[in-house]
1. Considering only DSSP states other than H, G, I, E and B, which GluC sites (Glu not before Pro) in the stretch 72-143 qualify as loop sites with at most 14 other Cβ atoms within 10 Å?
2. Given axes a ≥ b ≥ c from the Cα gyration tensor, I'd like to know whether the stretch 114-202 is rounded (a/c under 1.5), prolate (a/b larger than b/c) or oblate.
3. Which residue, chosen from Ile7, Leu18, Ala59, occupies the Cα position most advanced towards the positive end of the dipole of the stretch 1-67, where the dipole is computed from +1 (Lys, Arg) and -1 (Asp, Glu) charges on Cβ about the Cα centre?
4. For the chain, what is the charge dipole size about the Cα centre, in debye to the nearest 20, if Lys and Arg each add +1 at the Cβ and Asp and Glu each add -1 at the Cβ?
5. Roughly how many whole Å is it from the C-alpha centroid of the stretch 106-131 to that of the stretch 151-211?
6. By counting other Cβ atoms within 10 Å of each Cβ, how are Ile5, Ile97 ranked from fewest to most?
7. Under a straight-distance cross-link criterion of Cα-Cα below 23 Å, which lysines are reachable from Lys178, leaving out those fewer than 8 residues away in the same chain?
8. Would you compute, from DSSP H runs of 4+ residues alone, the mean residue ellipticity of the chain at 222 nm, taking -39500 (n - 2.57) per run and dividing by the full residue count, rounded to the nearest 500?
Amino acid sequence: MSVLIAIDGPAASGKGTLARRLARHFNVPHLDTGLLYRATAAGLLAQGARLDDVDQAVAVARGLALTDFNEDTLRGREMGEAASVVAAIPEVRDALIEAQRRFAARPEGAVLDGRDIGTVICPDAPVKIFVTASPETRAQRRALELAGRGEKVEFEAILEDIRKRDARDSGRSSAPLKAAEDALTLDTTKLGIEEAFAAALKIVTEKAPRG
Ligand code: DC
């Protein structure tokens, strides 16, 4: 029996960690869809193009191979911000829909995480989890992650980034960040990784009991 799990949530909410853990647990592939937008932004910047160059952005998005990401470059602070800008372009989102849906349709199942998985990419997914945490908690987690990558950034600057990204991702007209009506919300503000994973696992096993 296969399982399709849609995970959405704001930046640094813990959704990526949970998605990876769930995918490993159920032995299904995982797609971090934020990487698609990050790679599109990185491709544009590498060409010296502007982030609002719609034709170029669509061409880069269409040319992406889902398995071929240099995560080290893409996960940096600048690229998260740039990704959020290109992700607000409807034509870029359209160019990336089919590849994501194909990934989600794998016979063994899949876990996808992003901002619009439960609402747009996989509206029929049997399990949808909306992962949140307070902006301060998310900023703390992002600060630790960036420090681990050798990027030392002031906490206040990261909190400001997070607030700006939340506003842009939630306020855009095309596929804004929001919980699907049938998503269960998991607030990880006070949860450690293990507790959050146990809570997510409980949601999955209740929503999609495996035979
Ligand atoms: O999850 P992340 O921080 O890697 O995502 C980077 C940006 O990409 C995020 O600010 C908004 C955009 N994004 C999106 O619009 N839709 C998705 N499904 C995933 C990411």
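1. Glu108
2. oblate
3. Comparing the listed Cα positions along the dipole, Leu18 ranks first.
4. Numbers: 30 positive and 32 negative charges, 86 e Å.
The dipole magnitude comes to about 420 debye.
5. 13
6. Ile97, Ile5
7. Reachable lysines: Lys15, Lys128, Lys164, Lys190, Lys202, Lys207.
8. Taken over the chain, the calculation gives -16000 deg cm²/dmol.
Readers should treat all values here as calculations from the given coordinates under stated rules, not as data from a laboratory. Since the model is a prediction, treat every value here as computed from it, not as a measurement. Note that we place each Cβ from the backbone using ideal geometry, even for glycine, and neighbour counts take in every protein chain shown.
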